[in-house]
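Visitor: Just dropping this structure here.
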Amino acid sequence: MFEQKYARVLPLFFAMAIIVTSTLTATSTHAAVFTASGATPASIQTTVDNFRTALGALNGTSGGPFLSGRREINWDGVPNISAAPNNLSGNFFNSTSVRGVVLSTPGTALQVSATTSSGTPVRFGNINATYSTQFQTFSAERLFTAIGSNIVQVDFFVPGTNFPATVSGFGAVFTDVETAAATKFTVFLGDGTNGGQFAVPTSVSGGLSFLGLTDPARYSRIIIQFGNAAGGTAVADNSGGGVDLVAMDDFIYGEPRAKTPLDVDESVTTSKYAALTDGLIVVRYLLGLTGPALTNGATITTAGRNNATDVKAYLDAIRGLLDIDSNGAFDAATDGVLVVRYLLGLRGASLVNGAFDPLGSRNNATLIEAHLRTLAP
């Protein structure tokens with residue numbers, strides 16, 4: 001079987017070697033911004049749904065990565081053992097419930113509020129009894145906060161892995177935002193640069209606010225500042241007196257995808273996409289090669305991934321992206337050939353001739369080039 005597949009692909013390989021719903025002033029000027037606020041969930045529902053539509057279909061908690069769509073975290077499925085008065089692990093949504101997000105804070109912990117049936121006061125009443133009546137939910141009945149800080153950092157990963165990822169958009173629901181610009185996102189684009197700050201709109205006391213952003217440059221990290229103070233036993237909300245306490249509800253974001261999928265060996269240089277390293281490794285992988293046969297002569301010592309174990313783990317994680325002609329199969333003689341030709345600089349007919357399944361949903365040069373461009377941005 002191996003010899004037959006290899007004989008099929010090698011001639012081709014050597015041949016190709018020859019041949020917005022509202023606007024908001026912000027530092028960044030190229031993001032689409034969705035904002036809404038009001039006293040009840042119904043006040044923001046339409047905008048939230050419009051944002052969901054902009055990101056695509058819900059992908060749930062399966063591993064992926066998918067080519068499109070969105071993920072959501074509404075906190076409500078978190079078990080009591082990981083909710084108040086207990087703390088939430090920062091990688092819960094990349095390990096226990098796989099959605100490609102790791103959360104962190106400069107404070108002491110992260111916490112999801114309790115349910116009525118748990119016996120613990122709801123909506124962070126375990127921290128301060130007044131919070132149960134101060135905050136409301138968008139999706140019943142849990143909320144999210146940090147302990148000892150009003151900052152949460154959201155980092156994206158290929159779901160279930162430690163491979164950094166980017167997303168096409170990110171949005172969140174907040175409760176009791178009363179002070180202008182005290183609740184905001186600082187966004188970092190796919191290339192790691194700072195994409196600016198975006199303020200969450202204020203609402204009536206105890207109301208709900210939503211901010212959602214999409215950007216073709218994609219996001220690799222979001223830092224959320226919620227309110228201007230951290231909650232605590234002796235800390236009461238008093239926006240008129242300068243203390244604005246805020247809690248968070250649903251997070252909605254685009255499908256996390258590897259930052260630079262076809263930089264297989266993670267060379268991260270100006271020539272990071274190379275046919276004779278990254279492309280060749282993809283062909284070998286699609287042929288079923290593992291171990292030294294996968295990487296020998298096709299990686300460089302200075303690359304971040306230069307051993308067979310790490311390379312295979314990475315390719316396993318992004319495998320769903322390697323069906324280049326989108327015919328439901330992974331084939332070295334089509335998908336692998338298309339990758340190598342693209343990395344050699346071939347375009348148009350020279351890219352696709354004899355190397356795609358006409359029954360696939362990407363069955364012409366325009367569609368195939370567009371997909372490959374997302375894998376080698």
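Visitor: What is the count of Lys pairs in the chain whose alpha carbons sit under 23 Å apart, if the two are 8 or more places apart or on different chains? Kindly include the intermediate steps, with their values, before the conclusion.
Guide: Values: LYS5/LYS312; LYS259/LYS272; LYS259/LYS312; LYS272/LYS312.
Close lysine pairs found across the chain: 4.
Visitor: Here's another thing I want to ask about it. Rounded, prolate or oblate, given the Cα gyration tensor of the stretch 24-169, with a/c below 1.5 counting as rounded?
Guide: Here the stretch 24-169 falls in the oblate category.
Visitor: Using a probe of 1.4 angstrom, how much of the accessible area of the chain is carbon and sulfur, in percent?
Guide: After summing per-atom areas, the C and S share lands at 55 percent.
Visitor: What does the charge count near SER220 come to, summing +1 for each Lys or Arg and -1 for each Asp or Glu among other residues with Cβ under 12 Å from its Cβ?
Guide: +1
Visitor: Tell me the net charge near THR166. Cut-off is 12 Å between Cβ atoms, THR166 excluded, with +1 for each Lys or Arg and -1 for each Asp or Glu.
Guide: 0
Visitor: Let me ask something else about it. Please give the calculated 222 nm ellipticity per residue for the chain, where each DSSP H segment of at least 4 residues contributes -39500 (n - 2.57) and the sum is spread over every residue; nearest 500 deg cm²/dmol?
Guide: The helix contribution divided over the chain gives -6000 deg cm²/dmol.
Visitor: Within the set of other residues whose C-beta is less than 13 Å from the C-beta of ASN94, count the net charge using Lys and Arg as +1 and Asp and Glu as -1.
Guide: Computed value for this residue: +1.
Visitor: Relative to the Cα centre, what is the charge dipole magnitude of the stretch 186-291, using +1 at the beta carbon of each Lys and Arg, -1 at the beta carbon of each Asp and Glu, and rounding to the nearest 20 debye?
Guide: 260 debye
Visitor: Distance in nm between label sites at ALA370 and VAL204, each 7 Å beyond Cα in the beta-carbon direction?
Guide: The answer from the label model is 4.5 nm.
Visitor: Between THR233 and ILE81, how many nm apart are label points set 7 Å from Cα along the C-beta direction?
Guide: For the pair THR233/ILE81, the computed spacing is 2.8 nm.
Visitor: So, for the stretch 111-186, what is the accessible surface per residue at a probe of 1.4 Å, expressed in square angstrom?
Guide: On the way: 2240 Å² over 76 residues.
Dividing the accessible area of the stretch 111-186 by its residue count gives 29 Å².
Visitor: Output wanted: per-residue J couplings in Hz (rounded whole) for the stretch 312-322, from phi through Karplus 6.51 cos²θ - 1.76 cosθ + 1.60, θ = phi - 60°, x for Gly and Pro.
Guide: Working through the residues one at a time gives 5, 4, 5, 5, 4, 5, 9, 3, x, 8, 8 Hz.
The values are calculated or read from the model by the stated rules, or taken from the named source; none is laboratory data. What you see is a predicted model, and the numbers here were worked out from it, not measured in a lab. Here Cβ is always computed from backbone atoms with ideal geometry, including for glycine, and neighbour counts include all displayed protein chains. Calculation scope for accessible area: heavy atoms of the full protein, side chains included, ligands and nucleic acids excluded. Shrake-Rupley method; radii C 1.70, N 1.55, O 1.52, S 1.80 Å.
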